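Working notes for the structure below.
The values are calculated or read from the model by the stated rules, or taken from the named source; none is laboratory data. What you are looking at is a predicted structure, and each value in this text was computed from that prediction instead of being measured. Cβ: placed from backbone, ideal geometry, glycine included. Neighbour counts: every protein chain shown. With ligands, DNA and RNA removed, areas are computed over all heavy atoms of the protein, side chains included. Shrake-Rupley method; radii C 1.70, N 1.55, O 1.52, S 1.80 Å.
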Amino acid sequence: MKVVQVLPALEVGGVERGTIDIAKALVEAGHESIVISAGGRLVGQLESEGSRHIAWDLGKKSLLTFLKLWSFRKWLRKEKPDIVHVRSRMPAWVVWLAWRGMPKNDRPKFVTTLHGMHSVNWYSAIMAKGERVICVSETCKQYLFENYKVDDPDKVTVIHRGIDEDYFYRGFKPSDDWCKNFYKQNPDCLNKKLLCFPGRITRWKGHLELVKVVEELAKQRTDFKVLVVGSDSKGKFLAEVQSAINTNDLEQFFVFLGTRSDMRELYAISDVSLSLTTTTAESFGRAVVESIAVGTPVIAYAHGAVEETMKVLAPEYLVESGDFVAVVKALVKALQSPASLPPNTFTLSQMRRDTLVQYKNLL
């Protein structure tokens, strides 16, 4: 079986992570794996794990990108893949137009994965056109059926994103060297309760909600630090968040760590993680599952797919969306007496198996 996955680039993110994971699973199962993207920091890993990468920018949002569909169609005729799997809207349009112009007997199977709940319009509708449509959560599937015409409901399947159970596992402890370096760089975190808040610093992730939570919690205790993990590429919203922190005299409680590659260690040293999204819904909520997999409880607003995963893994820590006072009550309780957490069921091995089964069934 020869499978081609297409996405805009191979940088850091859930779409990229899923692509890398499935590429590795294909190679390990003896299949041929090709990934087409504009490139990025994950290309080296992809190639070292046995896949072929083709540098082709099909993700740029420009009418000129559509001019590439003829050369892509020619490439499909030459390579003759069994399956083309697209994971993003712009590449999906280019691939679909190229694919549709081929004789039916010469076409590869066309698969789409809906990774996010995009704005509802004709541009996003392309993700419903796959011969098989994979949704990364039941929440995503519901969004798809509510907003787009799906010609065959049976072609839509849910495959939850998977967390690497060999990397994020219960009982993991950071090395002594890692701990020494972290507390050397952040000495104010020593002997404090640590609250982890992962995610890009963007309005919809809930950073302003976090400020409200910290302001309320500080009325009850001051022995804590919030580890804000993530960055703001433009810096404008970060300035707004920092202004809210300064206005409320809460600077002593925040540690901004920027983008990190050691999330496992940060979850492990934290007492609690937080998920406070209130506007754009998470399509899966990987950070929530990663934290719980390591054994660190998460207090989360019941919003989007985070509600879906939390109902399975930690329903007692779900809070009505927007009720930051309830978040603080749950935080105080979790810091005093954390509830026992079940094993993580959203695993990478399950995601890999389910995806390869879909490929084989489609063929």
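Can you tally the net charge around E32? Count Lys and Arg as +1, Asp and Glu as -1, for every other residue whose Cβ sits under 10 Å from the Cβ of E32.
0
With every protein chain present, what accessible area does K155 have (1.4 Å probe, heavy atoms only), rounded to the nearest 10 Å²?
Per-residue accessible area (K155): approximately 10 Å².
Determine ³J(HN,Hα), in whole Hz, for all residues of segment 312-327 in sequence, where each value follows from phi through the Karplus function 6.51 cos²θ - 1.76 cosθ + 1.60 and θ = phi - 60°; x replaces Gly and Pro.
Running phi through 6.51 cos²θ - 1.76 cosθ + 1.60 with θ = phi - 60° gives 7, 9, 7, x, 5, 9, 7, 10, 4, 4, x, 8, 5, 5, 5, 4 Hz.
Round to the nearest 10 and give me the degree value, 0 to 90, for the angle of helix 176-185's Cα axis relative to the longest principal axis of the chain.
For helix 176-185, the angle is close to 70 degrees.
Could you state the accessible area per residue of the chain in Å², with a 1.4 Å probe and every protein chain left in place?
46
Only one of the listed values, [x] 20.9, 73; [y] 21.7, 68; [z] 24.2, 76, was derived from the coordinates as Rg and Dmax of the Cα atoms in Å; which label is it?
Of the listed options [x] 20.9, 73; [y] 21.7, 68; [z] 24.2, 76, [y] comes from this structure.
Which far-off residues, 5 or more places away or on another chain, put their amide H under 5 Å from the one on I201, with H placed in the peptide plane?
When sequence neighbours closer than 5 places are left aside, the close amide H contacts are S231, D232.
Taking a 1.4 Å probe, which of V312, V226 shows the most accessible area, and what order do the others take after it?
V312, V226
Put V12, V84, V158 in order of accessible area, largest first, 1.4 Å probe: what do you get? Display every interim value, and only then the final one.
Details: V12 110, V84 0, V158 35 Å².
Highest to lowest solvent-accessible surface, that is V12, V158, V84.
Could you please report the charge total around K219, scoring K, R as +1 and D, E as -1 over all other residues with beta-carbon less than 14 angstrom from its beta-carbon?
Net local charge, K219 excluded: -1.
Placing +1 at every Lys and Arg Cβ and -1 at every Asp and Glu Cβ, with all other atoms neutral, what dipole size does the chain have around its Cα centre, in debye to the nearest 20?
For this selection, approximately 1360 debye.
On a 0 to 90° scale, report how tilted helix 89-100 is relative to the longest principal axis of the chain, with both axes built from alpha carbons and the result rounded to the nearest 10.
It works out to around 20 degrees.
For the chain, set up a Gaussian network in which alpha carbons nearer than 10 Å are linked by springs, and say which option among M310, M127, M102 fluctuates the most.
M102
If ligands, DNA and RNA are left out, what is the accessible area of F284 with a 1.4 Å probe, given in Å² to the nearest 10?
Accessible area of F284: about 10 Å².
Using only Cα atoms, find the angle between the long axis of helix 69-79 and the longest principal axis of the chain, and express it within 0 to 90 degrees, rounded to the nearest 10.
For helix 69-79, the angle is close to 80 degrees.
What are the residues whose amide H is under 5 Å from the amide H of G39, where those residues sit 5 or more places off or on another chain and H is modelled from the backbone?
L10, W56
Round to the nearest 0.05 the FRET efficiency obtained for S243 and S48 when R0 = 30 Å and r is the Cβ-Cβ distance.
0.10
At 1.4 Å probe size, with no ligands or nucleic acids counted, give the accessible surface of S270 in Å², nearest ten.
Counting only protein heavy atoms, the figure is 10 Å².
Tell me the trypsin sites (Lys or Arg not before Pro) within segment 20-78 that lie in a loop according to DSSP and have at most 16 other beta-carbon atoms within 10 Å.
Sites meeting the loop and neighbour criteria: R41, K60, K61.
For a quick check: with amide H placed at 1.01 Å from N, whose amide H comes under 5 Å from R52's, ignoring anything fewer than 5 positions away on the same chain?
S33, I34, V35
Enumerate the calculated ³J(HN,Hα) couplings along segment 335-352 in order (Karplus 6.51 cos²θ - 1.76 cosθ + 1.60, θ = phi - 60°), each rounded to whole Hz, writing x wherever the residue is Gly or Pro.
Running phi through 6.51 cos²θ - 1.76 cosθ + 1.60 with θ = phi - 60° gives 5, 7, 8, x, 6, 6, 10, x, x, 6, 9, 8, 9, 5, 4, 5, 4, 4 Hz.
Which residues does the label zone of D223 cover in segment 242-256, counting backbone N under 18 Å from a point 7 Å along Cα→Cβ?
253-254
Which pairs in the list K149/K311; K205/K311; K173/K225 are over 26 Å apart, alpha-carbon to alpha-carbon?
Checking Cα-Cα distances, K149/K311 exceed 26 Å.
Quick one: grab the alpha carbon gyration tensor of segment 44-194, order the square roots of its eigenvalues as a ≥ b ≥ c, and give me rounded if a/c is under 1.5, else prolate or oblate depending on whether a/b is larger than b/c.
Judged from the Cα gyration tensor, segment 44-194 comes out prolate (a/c at least 1.5, a/b above b/c).
Could you work out [θ]222 nm for the chain from helices alone, using -39500 (n - 2.57) per DSSP H run of at least four and dividing by all its residues? Round to the nearest 500 deg cm²/dmol.
Rounded to the nearest 500, it is -11500 deg cm²/dmol.
Using all alpha carbons of segment 266-363, what is the percent of pairwise distances in each 10 Å bin, ordered from the shortest bin to the longest?
Bins of 10 Å from zero give 16, 44, 26, 10, 4, 0 percent of pairs.
Residue by residue, what Karplus-based ³J(HN,Hα) values in Hz, rounded to whole numbers, does segment 19-35 have, using 6.51, -1.76 and 1.60 with θ = phi - 60° and x for Gly and Pro?
Taking θ as phi minus 60°, the curve returns 5, 4, 4, 6, 4, 5, 4, 4, 4, 5, 8, x, 9, 9, 10, 10, 10 Hz for segment 19-35.
May I ask you to derive the FRET efficiency for K311 and T65 from their Cβ-Cβ distance with R0 = 45 Å, giving the value to the nearest 0.05?
Working: r = 40 Å, r/R0 = 0.89.
The pair K311/T65 has a calculated efficiency of 0.65.
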